[in-house]
Amino acid sequence: MTVKILRLGHRPSRDKRVTTHLLLAARALGASGAIYTGVKDDQLEKRIQGINLSWGGCFEISFAKDWSKEIKSWKKHGKVVHLTMYGLSIKKVIEEIRRDESDKLIIVGGAKVPGEVFNIADWNVSITSQPHSEVSALAIFLHELFDGNELNLTFEKARLRIVPQGQGKKVIESQDNV
């Protein structure tokens with residue numbers, strides 16, 4: 001199953017850090033790529049490409065002018081999950097979503113999500129019915145979707161790798177990928 005993220009309504013002046021953090025979480029927790037809408041942001045794309053170069057993996061990022069076309073195109077071969085505090089509890093739907101082996105497009109909103117998104121999604125899912133960060137919602141959703149196995153991912157062609165330890169910091173730089 002391929003998992004991609006659709007970030008709605010990116011605004012570089014207001015959302016630079018949030019969108020970056022959203023995509024970093026998506027990448028680290030098992031998504032293969034992201035599509036963002038709103039305002040095209042070359043700096044955002046360069047930041048994510050730089051992360052791939054340093055930390056490995058091949059997380060793809062692309063811009064789309066029309067979110068509706070992206071969703072309709074995706075629905076030809078996969079399913080759509082919309083993360084919203086107004087959806088069904090993740091605990092009630094996660095098993096159904098996991099059992100469905102089709103590719104998943106995870107929609108994460110921006111300022112205001114168009115009502116059409118709620119209707120076109122296969123699942124409207126809430127992590128909690130309280131206001132919270134889209135970054136935390138995506139992280140929790142991916143953790144549940146992959147049943148915790150995403151925590152064991154390895155990223156090919158990483159130039160930098162962290163060696164886990166109880167205290168201190170140990171980073172190994174590979175000369176193979178420089």
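Laboratory data are not the source of any read-out in this text; all were calculated from the coordinates shown. These numbers come from a predicted model, not from an experiment. Here the Cβ is made from the backbone with ideal geometry for all residues, glycine too, and neighbour counts use every protein chain on show.
Model label points for GLN167 and GLU45, set 7 angstrom from Cα along the Cα-to-Cβ axis, are 4.7 nm apart. Straight-line cross-link partners of LYS157 among the lysines, defined as a Cα under 20 Å from its Cα and at least 8 positions apart when in the same chain: LYS46, LYS170.
Spin-label model, GLU116/ARG11: points 7 Å from Cα along the beta carbon direction are separated by 2.1 nm.
Per-residue 3J(HN,Hα) values for region 32-39, derived from phi via the Karplus relation 6.51 cos²θ - 1.76 cosθ + 1.60 with θ = phi - 60°, read 8, x, 8, 10, 10, 10, x, 10 Hz in sequence order (x marks Gly and Pro). For the chain, what does the alpha-carbon gyration tensor say about shape, rounded, prolate or oblate, given a ≥ b ≥ c as the root eigenvalues, a/c under 1.5 as rounded, and a/b over b/c as prolate? In terms of gyration-tensor shape, prolate. Full extension of the segment from SER133 to LYS65, taken as 0.36 nm per residue of separation minus the current Cα-Cα distance, would add 22.1 nm. For the pair ASP100 and LEU160, the difference between a 0.36 nm per residue extended length and the Cα-Cα distance amounts to 18.1 nm.
Can you tally the net charge around GLY56? Count Lys and Arg as +1, Asp and Glu as -1, for every other residue whose Cβ sits under 13 Å from the Cβ of GLY56. Residues close to GLY56 contribute a combined charge of +1.
Between the amide H of THR84 and those of VAL125, SER126, ILE127, distances stay under 5 Å, these residues lying 5 or more places away or on another chain, with hydrogens modeled in the peptide plane.
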